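First the structure, in the form of structure tokens, and then the observations on it.
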Amino acid sequence: GAVVSQHPSRVICKSGTSVKIECRSLDFQATTMFWYRQFPKQSLMLMATSNEGSKATYEQGVEKDKFLINHASLTLSTLTVTSAHPEDSSFYICSARDSVNSNQPQHFGDGTRLSIL
Amino acid sequence: GDSVTQMEGPVTLSEEAFLTINCTYTATGYPSLFWYVQYPGEGLQLLLKATKADDKGSNKGFEATYRKETTSFHLEKGSVQVSDSAVYFCALSDRSNDYKLSFGAGTTVTVRA
């Protein structure tokens, strides 16, 4: 069964709306989670590393104020796309790494398809 | 820095054909290597992994061997099925990069009945 739950799976909203996406590790603790963005027919682009209890680390070119990340507990990270516009439409995927077994593979959520009208 | 290069495809095969997807990597340390599979509209699922040289990962009839001498991790399956149609990503993670995953571009595989 799924060990990382990502919600919602699909969002359609108007331009200017802020959208929150949740990523939960279900049966392990994850001090580190990752947020990716995937454009059609392309690979995953790492946006940021979410660290429990501290600020997220953003990759170069990713706007911190646009993509707000909060990692308030050992099992939950949220990504908020603020004032979303059509160019933010994409497939967003999170992953989580087991804090105890850090050399184990990351587990991925099922992704969130965001469509901004 | 770390990087992964994989055959981009698309690859179209007939059922029961042999599949190979090439993957090579560059890394500063001793990475772990992975193949992930993404079915349409879904997230990524781990297909197989190898953590050190000469390790062979296998799952669902797929195999890949960690070849340090050629810095490769080619994915193979002897007899594909229609249900194997998906996008396959080669990836590595390295302790020196805090275990961040570096992905290849992905290879779209379509298997026809």
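Values quoted throughout were computed directly from the atomic coordinates according to the rules given, and no laboratory measurement underlies them. All figures in this text were calculated on a predicted structure; none of them were measured in a lab. In this analysis, Cβ positions are derived from the backbone assuming ideal geometry, glycine residues included, and neighbour counts consider all displayed protein chains.
Once phi is turned into ³J(HN,Hα) by the Karplus curve 6.51 cos²θ - 1.76 cosθ + 1.60 with θ = phi - 60°, what whole-Hz value does each residue of the stretch B:99-113 show in order, with x for glycine and proline?
Karplus-based 3J(HN,Hα) across the stretch B:99-113 equals 6, 5, 7, 10, 9, x, 6, x, 10, 7, 10, 10, 10, 9, 5 Hz.
Filter the cross-link list B:Lys49/B:Lys100; A:Lys55/B:Lys52; A:Lys64/B:Lys68; A:Lys41/B:Lys60; A:Lys14/A:Lys66 down to pairs whose alpha-carbon distance in this structure exceeds 26 Å.
Table pairs above 26 Å Cα-Cα are A:Lys55/B:Lys52; A:Lys64/B:Lys68.
At 7 Å along the Cα-to-beta-carbon direction for both B:Asp98 and B:Thr20, put a label point, then send me their distance in nm to one decimal.
Each label point is offset 7 Å from its Cα along the Cβ direction, giving 3.8 nm.
Looking at chain A, identify the longest residue range that excludes and avoids all trypsin sites (Lys or Arg not before Pro) in DSSP loops having at most 16 other Cβ atoms within 10 Å.
Counting at most 16 other Cβ atoms within 10 Å as exposed, the longest clean stretch of chain A is A:67-117.
In the Gaussian network model of chain B, springs joining C-alpha atoms below 10 Å, which of B:Tyr25, B:Tyr36, B:Tyr99 carries the largest mean-square fluctuation?
Between B:Tyr25, B:Tyr36, B:Tyr99, it is B:Tyr99 that shows the largest mean-square fluctuation.
Quick one: among A:Gly53, A:Gly61, A:Gly16, which has the greatest mean-square fluctuation in a GNM of chain A with alpha-carbon springs under 10 angstrom?
A:Gly61
Provide the per-residue ³J(HN,Hα) series for the stretch B:71-84, in order, calculated from phi with Karplus coefficients 6.51, -1.76, 1.60 and θ = phi - 60°, each as a whole number of Hz, with x at glycine and proline positions.
6, 10, 8, 6, 9, 9, 8, x, 8, 7, 10, 4, 5, 7
Only counting other Cβ atoms within 10 Å, I'd like B:Tyr66, B:Tyr88 sorted with the fewest neighbours first.
The fewest-first ordering by Cβ neighbours comes to B:Tyr66, B:Tyr88.
Just grab the label-to-label distance for A:His85 and A:Asp65, each label 7 Å out from Cα along the Cβ direction, in nm (one decimal).
1.3 nm
For chain B, set up a GNM with springs between Cα atoms under 10 Å and report which of B:Val87, B:Val11, B:Val37 has the largest fluctuation.
B:Val11
Restricting to Cα pairs below 8 Å that are 6+ residues apart, what does the relative contact order work out to for chain B? Please round to a whole percent.
Computed value for chain B: 37 percent relative contact order.
If I model a spin label at B:Glu8 and A:Leu74 as a point 7 Å from the Cα along the Cα→Cβ vector, what separation in nanometres do I get?
Between B:Glu8 and A:Leu74, the simple spin-label model gives 4.4 nm.
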